[in-house]
Amino acid sequence: MAARAIWKGQLVLGKHEVPVKMYSAVQDQAVHFHLLHDKDLTPVEQRIVRKDNGREVAKEAQRKAFPLDDQRAVILAPEELEQLEPESDRAIHLLRFVPRDALGDQWFDRPYYLGPDEKGDADYFALAEALAGKDRIGIARWVMRDKRYVGALAVGDDGYLRMTTLRRAEQVLDVPAIRPDKARTPSDAEIKLAEQLVDSITGPFAPEEWHNEYRARLHKLIEAKAKGAKLKLVAARPKEATTDLAETLRASLSQAKGSAQAKGKKVA
Amino acid sequence: MRSFWSGTITFGLVSIPVDLFAAVVPRQKSMKLVDEEGHPLGRRYWCPKHEKVLDDDELVRGYETDSGKVVVVTDEEFASAAPEKSRDIELRRFVALDDIPPFYFDRPYFLAPDERAGKAYALLAQTMAKTGKAGIGSFVMRDHEYLVAIVSDQGMLRAEVLRYVDELRTPEAVGLPKPAKPDAARVRALAREIDALAEAKVDPAELADLEAETLRAFAEKKAKSGEGVVSMAELEGDEDDAAASAQVIDLMQVLRESLGASAGKAKRAADAHAAAKKPAAKKAAATKTTAKKTRHTVGR
């Protein structure tokens, strides 16, 4: 069954407008559990309560307070918040197009497909083809359902446009460049060995080869338990850290190459 | 230690003990929930039958089977489903980082070396940086399995949680129409528009949180009138925010202990982040620092 579009808008690039429909690209596959009261397995509800006395506070009486500093916050009334909502005009403004690696992966938040709107098929596929020839992503801003979004516009190998929303500058934490001290700096020889090892297990990104095994095992476990089976519990055991790096790398390489010589040799 | 997860990255026979920390924090515009008089509110679990608020240790998780039977799964049973995966991230494959479409990236975490990691941590970071590759593996944390790409960024390893392929819809499933061959003149016209907007870098100002800025400006103006001002002291105890800033400080501590050399720089960053997380008077200064640093790290 075809998905329903969550929103309609126009991509705006300079003088051109390309009408598009937006679709969520993710589908939830998580195993869902109910939270129950341990006493008699009553399903629990969530309530918003006053922290001091535990009394429930109805939705109409709930307010939001914006923190100003360490000492104070200001309560903002619903009508004040509404008044601060941005104007919605259905325009998805393309601000700039940058090389793909100009944006680190940690910025990507939530993916959406963009599909052609009935009246704009020709423009949609023209833009997809134009973008495919550039190896760039577009940085876009728009207002959807009274909220502002920033996103990255890209085209897939399949010829469809995608928009991935981006995190805000303040959300993405920065770390200093790391230069480890001498004792923790690998030698050139060790790096060379590591490169060979990495090369030996390098391949294309093949997401279809990866399955959520835990999810599958959890389903099995639940089935078994539902039938009344007694479960055997197993706990995890931590691994030892590698001490002799060069030796371990050599052993890994031989193992990767399937060399019999490395087999049975105690390393790491 | 307040890391989310501690375990081992393995590639080949090399194992690297690491701790996992948050690499992203909630948006600044997130507000505190209060009632009309400003009393702090919280979300609590409520048992409708016993008519009482429940603590976490009074809750169990139950799965409803197709036949309507409820099966309770204990914490030990959750842990038992894939014990080896709860300790290790085995990198079974390396791929070119550019091969992973933006669509797959879900959530990033920093991986800090454990003190016992020795040279192996830097070895993996430097090898991946040099080759432009990411290591792919999966692990279990808090009763969920995560597919991750381990990437190297300025000597630091990051675990990028990836979506599983069945968590992403296909264009066919969405029902997108078959691609039509576009008119060449239209393609050229749109290509020219793209060229006109082409830049080498992202402008961090374009990634700023305009909603948070608007809210702050309005809240500050309203505060001057004195109306609706409540004491933050009463509102403290927002566990999430406190945990996120504690984590940043912890990460820097870990780096200092396990890497020595970059201690000075790491400390400054920790202070800036701690201040940036606190909605304090120092905010303006701290935000400025963050914005400036972000400029260097928007790319990869």
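Out of residues 5 or more away from B:ARG107 or on other chains, whose amide H comes under 5 Å of its own, with H placed 1.01 Å from N in the peptide plane?
The answer is B:VAL161.
Give me, ordered by chain and number, the residues 5 or more places off B:ALA208 or on other chains with an amide H under 5 Å from its own placed amide H.
Correct list: A:ALA169.
Quick one: of the DSSP bridges fully inside chain A, what percent are antiparallel, nearest 5?
The antiparallel fraction comes to roughly 95 percent.
Going out from 0 in 10 Å bins, what whole percent of all Cα-Cα distances in region A:135-251 drops into each bin?
8, 16, 20, 27, 24, 5
Could you list B:THR74, A:THR165 in order of exposure, starting from the residue whose Cβ has the fewest other Cβ atoms within 10 Å?
Taking fewest neighbouring Cβ atoms as first place, the list is B:THR74, A:THR165.
Looking at the square roots a ≥ b ≥ c of the eigenvalues of the Cα gyration tensor of region A:125-203, which shape do they give, rounded for a/c under 1.5, prolate if a/b is larger than b/c, or oblate?
It is oblate, given that a/c is not under 1.5 and a/b is not larger than b/c.
Which whole-angstrom value gives the distance between the alpha carbon centres of region A:131-197 and region A:1-29?
23 Å
Just counting partner chain Cβ atoms within 10 Å, what average do the residues of peptide A:196-203 show around their Cβ?
Averaged over the peptide's residues, the number is 6.
With labels modelled as points extended 7 Å from the Cα through the Cβ direction, what inter-label distance (nm, one decimal) is found for A:ARG217 paired with A:SER187?
About 3.9 nm separates the two model spin labels.
Need one value for B:159-170: mean number of C-beta atoms belonging to other chains within 10 Å of its residues' C-beta atoms.
Mean partner-chain Cβ count within 10 Å for B:159-170: 5.
Hey, if you put +1 on the Cβ of every Lys and Arg and -1 on every Asp and Glu Cβ in the protein assembly as shown, which of B:THR10, A:ALA128, A:SER88 ends up farthest toward the positive end of that dipole?
The residue sitting farthest along the positive end of the dipole is B:THR10.
Only bridges whose two residues both fall in the protein assembly as shown count here: according to DSSP, what percent of them are antiparallel, nearest 5?
So the antiparallel bridges in the protein assembly as shown amount to around 95 percent.
Expressed in whole Å with the largest first, what are the equivalent ellipsoid semi-axes of region B:103-240 derived from the C-alpha gyration tensor as the square root of 5 times each eigenvalue?
Sorted largest first and rounded, they come to 36, 33, 20 Å.
Shape call for chain A from the C-alpha gyration tensor, a ≥ b ≥ c root eigenvalues: rounded (a/c under 1.5), prolate (a/b greater than b/c) or oblate?
In terms of gyration-tensor shape, oblate.
With 18 Å as the limit, write out which pairs from A:LYS147/B:LYS221; A:LYS51/B:LYS52; A:LYS15/A:LYS147; A:LYS192/A:LYS239; A:LYS8/A:LYS147 have Cα-Cα distances beyond it, or answer none.
A:LYS147/B:LYS221; A:LYS15/A:LYS147; A:LYS192/A:LYS239
So for chain A, averaging the separation of alpha carbon pairs under 8 Å that are six or more residues apart and normalising by length, what relative contact order in percent results?
15 percent
Kindly write out, for region A:122-128 in residue order, the coupling ³J(HN,Hα) from the Karplus curve 6.51 cos²θ - 1.76 cosθ + 1.60 (θ = phi - 60°), rounded to whole Hz, with x marking Gly and Pro.
Calculated HN-Hα couplings, in order: 4, 5, 4, 6, 5, 5, 4 Hz.
Given the DSSP H assignment, sum -39500 (n - 2.57) over each helix run of at least 4 residues in the protein assembly as shown and divide by its residue total; what's the result at 222 nm in deg cm²/dmol, nearest 500?
Taken over the protein assembly as shown, the calculation gives -9000 deg cm²/dmol.
For a quick check: sort B:LEU215, B:LEU124 by the number of other beta carbons within 10 angstrom, fewest at the front.
B:LEU215, B:LEU124
Near the amide H of B:LYS52, under 5 Å away, which other amide H atoms are found, from residues 5 or more places off or on another chain, if H is placed in the peptide plane?
B:CYS47
Suppose R0 equals 35 Å; then what is the FRET efficiency for A:LYS39 and A:GLU87 from their Cβ-Cβ distance, rounded to the nearest 0.05?
0.10
When Lys and Arg each count +1 and Asp and Glu each count -1, what net charge do the other residues less than 10 Å away from B:VAL165, Cβ to Cβ, add up to?
For residues surrounding B:VAL165, the net value is -3.
Once you order the gyration tensor axes a ≥ b ≥ c over the Cα atoms, which shape class does the protein assembly as shown get: rounded for a/c under 1.5, otherwise prolate or oblate by comparing a/b with b/c?
Since a/c stays below 1.5, the shape of the protein assembly as shown is classed as rounded.
What nm value, rounded to one decimal, do you get for the distance between B:GLU37 and B:LYS52 when each label is placed 7 Å out toward the C-beta?
Going by the 7 Å Cα→Cβ label model, 2.6 nm.
Among B:ASP75, A:ASP188, which comes first, second and so on when ranked by fewest other beta-carbon atoms within 10 Å?
Ranking B:ASP75, A:ASP188 by Cβ neighbours within 10 Å, fewest first, gives A:ASP188, B:ASP75.
Which order do the peptides A:109-116, A:58-65 take when ranked by the mean count of other beta-carbon atoms within 10 Å per residue, highest first?
A:109-116, A:58-65
Other chains near A:55-63: what is the mean number of their Cβ atoms within 10 Å of each residue's Cβ?
4
Using 0.36 nm per residue, how much length does the chain from A:GLU209 to A:GLU17 gain when fully extended, once their Cα-Cα distance is taken away?
Length gained, A:GLU209 through A:GLU17: 65.2 nm.
Provide the packing ranking of A:191-199, A:214-222, B:114-122, B:218-226, i.e. peptides ordered by the mean count of other C-beta atoms within 10 Å per residue, highest first.
B:114-122, A:191-199, A:214-222, B:218-226
Every number here is computed from the coordinates shown, using simple stated rules; none is lab data. This is a predicted model, so every value here is computed, not measured. All Cβ positions, even for glycine, are placed from backbone atoms using ideal geometry, and neighbour counts span all protein chains on display.
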